[in-house]
1. For a quick protection proxy, order the peptides 310-317, 150-157 by their average other-Cβ count within 10 Å, most packed first.
2. Determine the sum of side-chain charges near residue 66: Lys and Arg each +1, Asp and Glu each -1, restricted to other residues whose C-beta is under 9 angstrom from that of residue 66.
3. Quick one: Cα centre-to-centre distance for segment 378-442 and segment 307-362, in angstrom?
4. Need one number: nm distance between label points at residue 367 and residue 226, each 7 Å from Cα along Cα→Cβ, rounded to one decimal.
5. So, R0 is 22 Å and r is the distance between the beta-carbons of residue 468 and residue 439; what FRET efficiency does that work out to, to 0.05?
6. Tell me, in nm to one decimal, what length is gained between residue 255 and residue 158 on full extension, where the rule is 0.36 nm per residue of separation less the Cα-Cα distance?
7. If packing is taken as the average number of other Cβ atoms within 10 Å across a peptide's residues, how do 46-54, 395-403 rank, most packed first?
8. Could you list 82, 223 so that the one with the fewest beta carbons within 10 Å of its beta carbon is first and the one with the most is last?
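Nothing in this text is a laboratory measurement; each read-out follows from the coordinates by a stated rule. Please read all numbers here as calculations on a predicted model, not as lab measurements. Glycine gets a Cβ as well: all are built from the backbone with ideal geometry, and neighbour counts include every protein chain shown.
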Amino acid sequence: MLRKSLLISFCLILFNINSEAQLYRTGAMGGLSYSIIDKDNSLTPFNFGNNPAWIYVDETETHLLISPSYSSISGDYRRKFDADERIKYFAAFKGVKTLGTKGTFIGYTDYDYEVRKNYYRTLLYDTYSGEAFFMQDTTTGDFRFNGPKVNLMYSWEVVPNLYAGISGLYKILDGLKNVYTHAKTMYREVGVNAGLAYRFPENYVLGLNINYLDCQEKIEAKDVNLLEVEIFNYRGETFAIRRRGSSLEETIRKKNLTFSGQFFMQPVETFRFAIQGNYTPSNTRVSFPKSGLIDVEEGFSTLENIDVQIRGQYEFTPSVLIGISGGYLNNKSWSKNSLKNLLLWEWDVKEIFSGLGVSYKFSDLPLMIGAEYEFANVNADSSKYIDSRSINLTSKDHLIRLGMEYEFFEKGFVRGGFNFKMKEFDLITGGKDVNMFAINLGFEIPVFDVLSFIPYIVYQKNYLKDFTNVYRSHLSGFITIKLNQF
């Protein structure tokens, strides 16, 4: 019953995976983040706080990254409306162009092709997004989504030590279900992110930015034989509105606005500290046509997110680096039926986490090893009034990361990593006593001075501690081609 009672998929928002290719080094090292120094994962306002104003300082070299990838997720340990298997083909291109005193420009684009096999009933692109609204038919079939994404960023120095930046995002996906109701999906995202950052004397930096994102998903169910189709608009898990017609439409519109701040300090060469915080109010509106072409709002949800994180790094010796991490996350939401003004679902989740890491560079070998440990205390309170279900639970989670990097010839590296995580309760899938392990392996092979090949592979497995035959595995492979001139 826990799985049905706690569909708190806000975790997909909190643990959103950044697929841009610049994380190839830390990705191959098991996700080590604060226990090693990495120029693409530093504590600056851009890398740590997503503030585009600091691109001018962070990105000082022109280069181009080309990154095709493949991933597959499959297994029995999944939620009711998850696909049996998700296969994704992905290709990304990221170019950094330095323009001297005129600023720095970054262009990023990718193309995503995803197949969800045996997608049970649901017609939504993101079924578990934290709202109480579900659109379903009566069949199980394959769903295909494909489309491009473009992100353009520009940063410049306005006056000495004052930096500004802006970025724009556009993403569009087409979706199609291969069986009745042959639902078609048009999903798009439009966003803009603008920020300022100021560098004070003694290497103190303060940054502020605001990020707006507008998402719309439009679904049309229409039988290819021109017969009537039937869909079910669930409000909660028990009650549904049945709709029939030759063509049925539904629109889901989401808007969020994120206010962010960052502070970075490096009072001495061997010590760095950063804090960043985000406040994100958002809302979701679900509507479908009634009385002709007029869309009527049938459902409404709000989501409020508070995210504060700190990180610090101290070079204890030239060979030893100590890192710390911590944070507080709070997500809460409620959903209502707009026509009746009835509260359907309300949930509130709080998380406090802390981490400690260390890395060591051998003096007589071109080898570096690192380890990180994190502990999180998560409290979730969920009340589904429409289903007469409520739950309150606390989960204590443990995560270990291990990583290594060996330079087998000049600028040529082999990297590896291992993760192990234990959860009392898996808030994404709903399982109890869940373990996860992941294995990472990667290489960096330079070709002359202008070209490098950087492949890496990741295998991850989530399984129930008491039922190891119930699991879900994730296999991903990436190849990054880096051009230092273009």
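1. Top to bottom by mean Cβ count within 10 Å: 150-157, 310-317.
2. Local net charge: +2.
3. Taking the Cα centre of each part, segment 378-442 and segment 307-362 sit 13 Å apart.
4. Placing both labels 7 Å beyond Cα along the Cβ direction yields 7.3 nm.
5. 0.85
6. Length gained, residue 255 through residue 158: 31.9 nm.
7. My ranking of the peptides, most packed first, is 46-54, 395-403.
8. Details: 82 21, 223 14.
Ascending number of Cβ neighbours within 10 Å: 223, 82.
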